[in-house]
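Participant: My questions all concern the structure below.
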Amino acid sequence: IHDIILDTDFSMPPQDDALATIVALNSPKINVLGITTVAGNNSLEQATVDLLRFLEIVKREDVPVFVGSNMPLVHEVSDFAKSTWGKWWSDEPPSMPLGGFPKKKAERQSAVDFMVNTVINRPQEITIVAIGPLTNVAKAIRQHPDFAKSVKEIIVMGGAIATLPDGAGNATPNAEFNFWVDPEAARVVLRSGIPITLSPLNVSRKTKGSETWYEKVVSVNTPVTSLLKQTMGPEFEKDPEFIDLMYDQVAIMSLIYPDIVKTVDLYVDVDINHGINYGTSVGWDGIWPGAEGAKKIKVQYDLDWKKFIDLFIKEVSRPPIT
Ligand code: BDR
Ligand code: CA
């Protein structure tokens, strides 16, 4: 059983963070110690409110939620970034999530303190699954000298590796969204020496969204599947192709089923120069000039789609663990 901390820029389904969270909560092979929120797809407040409400709807109020970082480590959020996809920074109050504002409250301890304390108290036992910008994890690394050496493993959804097939960016031509939101944080984490498995866009692009898995999932009746019916059903009615690729789902599924993905060991670093490639990840099988501090990590680049989707359906439609 993997004891994990899930770090997410959460939004309600059909967004991928929610589907990955469902897998984490449903799988008997995963024990979610806590969920930490970060600004990304959503503002921090909206991510937290959505997550708390989501846990009520799926009857998992037992899972503690810790509020994380509101802004990236270093850079100012440009007007351009605010107007592109993602509400990763917003000073607007959160809008009401499905079914009303949550009664469940977040914990008083901050996300970063929770990460640090949990990991330090149980060295080599905790896995972090990070499916949003890496601001919280980078701060935890900066906060405690023993944090990095005490983490068992981190699985990160982020980056796009141009030296492997399907390696274009999605936020900019070369940069993937999570890394682009907080490039310095991504660099701190990748250079930390923590054992890392990266789930970049290259492997996300081996997935396909489809109505078929949705139909199979909602043929079983659980609190999770009825939430999916409510949130995804109307979208499918408008457009049977509305789901894009699976991103965060691959990261969490690969923790439970490492055999469904292929990985290669590469040195990976992130461009933090404020130019056209800000936030771009670069991977190679050796060190190159300027990347002297880069570490070798595992990079996922392919996946067995048929196996993946069958197992994904199984995990999402599992009866709740009580
Ligand atoms: C990543 O960005 C977000 O939109 C997704 O949730 C995923 O974590 C993909 O680039
Ligand atoms: Ca995400």
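Participant: Go through (1) over 22 Å from the mean Cα position of the chain (by Cα); (2) modelled with pLDDT of 95 or more; (3) closer than 30 Å to Asp271 by Cβ; (4) not β-branched (Val, Ile, Thr) one by one and return the number of the condition Ser110 breaks.
Facilitator: Looking at each condition in turn, Ser110 falls short on (1).
Participant: Working only within the range 222-258, note down all residues that are touching a residue at least 12 places away in the same chain (Cβ under 8 Å) and acidic (Asp, Glu).
Facilitator: Across the range 222-258, the qualifying residues are Glu235, Glu241, Asp244, Asp248.
Participant: Just a yes or no: is a residue in the range 278-290 at pLDDT below 95, in a loop (DSSP other than H, G, I, E, B), closer than 21 Å to Val181 by Cα and among the polar types (S, T, N, Q)?
Facilitator: no
Participant: Still on this structure: Every residue in the range 118-134 that is outside any loop (DSSP other than H, G, I, E, B) and more than 21 Å from the chain's Cα centre (by Cα), please.
Facilitator: Let us first name the residues in the range 118-134 that are outside any loop (DSSP other than H, G, I, E, B), namely 118-121, 126-130.
Across the range 118-134, the qualifying residues are Ile120, Asn121.
Participant: Please work out which residue is farthest from Glu107 (Cα to Cα), limiting yourself to the range 1-57 and to residues that are in contact with a helix residue (DSSP H, G or I) (Cβ under 6 Å, 6 or more places away or on another chain) and acidic (Asp, Glu).
Facilitator: This residue is Asp16.
Participant: What is the residue count in the range 205-258 for residues that are farther than 13 Å from Val23 by Cα, of a type in the set (Gly, Ala, Ser) and not in a loop (DSSP other than H, G, I, E, B)?
Facilitator: Total satisfying the criteria: 2.
Participant: Could you please find all residues in the range 17-52 being of a type in the set (D, E, K, R), modelled with pLDDT of 95 or more and closer than 24 Å to Glu92 by Cβ?
Facilitator: Passing the criteria: Asp17, Asp50.
Participant: Is there a residue being within 16 Å of ligand 1 (Cβ to nearest atom) and in a helix (DSSP H, G or I) anywhere in the range 142-165?
Facilitator: The answer is no; no qualifying residue exists.
Participant: Now for a different question. Just the residues that are within 14 Å of ligand 2 (Cβ to nearest atom) and of a type in the set (Asp, Glu), please, taken from the range 1-60.
Facilitator: Asp7, Asp9, Asp16, Asp17, Asp50
Participant: Select from the range 125-161 the residues that are more than 16 Å from ligand 2 (Cβ to nearest atom), touching a strand residue (DSSP E or B) at 6+ places or on another chain (Cβ under 7 Å) and not acidic (Asp, Glu) and list them in ascending order.
Facilitator: Ile126, Thr127, Val151, Lys152, Ile161
Participant: Here's another thing I want to ask about it. Taking only the range 1-45 into account, find how many residues are part of a helix (DSSP H, G or I), more than 12 Å from ligand 1 (Cβ to nearest atom) and either over 16 Å from the mean Cα position of the chain (by Cα) or within 20 Å of Ser254 (Cα to Cα) (or both).
Facilitator: Going through the range 1-45 one residue at a time, the tally reaches 6.
Participant: Being closer than 17 Å to Trp213 by Cα and either within 13 Å of ligand 1 (Cβ to nearest atom) or among the β-branched types (Val, Ile, Thr) (or both) is the filter here, so list the residues in the range 243-258 that pass it.
Facilitator: We begin by selecting, within the range 243-258, every residue closer than 17 Å to Trp213 by Cα; these are 243-250, 253.
Once the filter is applied, which keeps residues that are closer than 17 Å to Trp213 by Cα and either within 13 Å of ligand 1 (Cβ to nearest atom) or among the β-branched types (Val, Ile, Thr) (or both), the range 243-258 yields Ile243, Asp244, Leu245, Met246, Tyr247, Asp248, Gln249, Val250.
The values are calculated or read from the model by the stated rules, or taken from the named source; none is laboratory data. Predicted model, so just to flag it, every value in this text is computed and none were measured. Using ideal geometry, Cβ is built from the backbone for each residue, glycine included, and neighbour counts are taken over all protein chains shown.
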